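Step one of this worksheet: look at the structure below.
The values are calculated or read from the model by the stated rules, or taken from the named source; none is laboratory data. This one's a predicted model, so the numbers in the text were calculated from it and none came from an experiment. For neighbour counting, all protein chains shown are included, and Cβ atoms are generated from backbone atoms with ideal geometry for every residue, glycine included.
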Amino acid sequence: MIKTIFFTVLTLAFFYIVWINNIFAPHEKYEMPPEHRMIAMDYKNAKEGRELFIQNCASCHSVRYDAIYPAQVQANPMLKQLQEKYGKVLPRDVYEAVFMNDLNSMKESYGKIPPDLSTIYLVKGPEYLYNFILEPQKVLPGTAMPPVMTGRPEDTAKIIAYLMSVSEPSPAEKAKRNIMGVVTIGYLIVMGILIWIWRERILKRMGLH
């Protein structure tokens, strides 16, 4: 019974940390105007944000989850061949192995390989991204990131909406996952109780209880 309670509490703590109070998420405070936050949090802006990303960011950055690759990789004829074999979203190991020369060339130009932004929304959050994209040198002095979106706060918010749509499930899917999580926890609790009852009966039959 003690083991059952222990593992149940451990499971609940895990889901609490992941879904409610993620201690691994960034906690820096950045300001974001409410009107621009509304734009960034609206999935309807993701489509336009994707186009803005391709126009302003895809020359350096990739969003591998959405099959967007840097311009230098896009120019490589191997990309089309690999996508015919593996699909539009290439496996990470294949992507990095085949296009290593292209990525290293970008490293020589920028000082490091521009990061893939598939999960950047989850890592940094909307407020940080909003401020960094608008004024990269102010948020991270010395960065190689050019101020391509300076003076365009609404477009920046739409790009964030796109990055959110790539890294997070839709609201309907998120609700579905939450329900699945609750059901899973309930299942573990019920099974723990049933196993404990069954154990007690076995011990009684053996005369050990």
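Taking helices (runs of 4 or more DSSP H) as the structural unit, those lying wholly within region 119-170 and holding at least 2 residues that are in the same structural domain as R37 (by TED's automatic domain parsing) and within 15 Å of E51 (Cα to Cα) correspond to 153-167.
Out of the residues in region 75-134 meeting the condition of being among the acidic types (D, E) and within 19 Å of A58 (Cβ to Cβ), tell me which one is nearest to the chain's Cα centre (by Cα).
This residue is D116.
Please verify whether region 87-97 includes one or more residues that are out of contact with any helix residue (DSSP H, G or I) (no Cβ under 7 Å at 6 or more places or on another chain), closer than 18 Å to D155 by Cβ and not polar (S, T, N, Q). No, region 87-97 has no match at all. Here I113 meets the list (1) in a helix (DSSP H, G or I); (2) in contact with a Leu (Cβ under 6 Å, 6 or more places away or on another chain) almost entirely, failing just condition (1).
Restricting A157, A161, A175 to those that are crowded, with 20+ Cβ neighbours inside 10 Å and over 22 Å from Y69 (Cβ atoms) reduces the list to A157.
In this structure, does D102 turn out to be part of a helix (DSSP H, G or I) and either of a type in the set (G, A, S) or buried (at least 19 other Cβ atoms within 10 Å of the Cβ) (or both)?
Yes.
Out of I189, I197, one residue alone is touching a residue at least 12 places away in the same chain (Cβ under 8 Å), part of a helix (DSSP H, G or I) and over 20 Å from M38 (Cβ atoms). It is I189. Counting only residues that are loosely packed, with under 13 Cβ neighbours inside 10 Å, of a type outside the set (A, V, I, L, M, F, W, C) and under 14 Å from I5 (Cα atoms), region 186-203 holds 2 of them.
Name the residue, out of L103, L90, that is in contact with a Leu (Cβ under 9 Å, 6 or more places away or on another chain) and closer than 30 Å to A75 by Cα.
L90
If we keep just the residues of region 31-83 that are of a type in the set (G, A, S) and not in a loop (DSSP other than H, G, I, E, B), which is modelled with the lowest pLDDT? Only one residue fits best here, namely A71. Within region 36-43, at least one residue is more than 20 Å from the chain's Cα centre (by Cα) and either under 21 Å from S165 (Cα atoms) or among the charged types (D, E, K, R) (or both).
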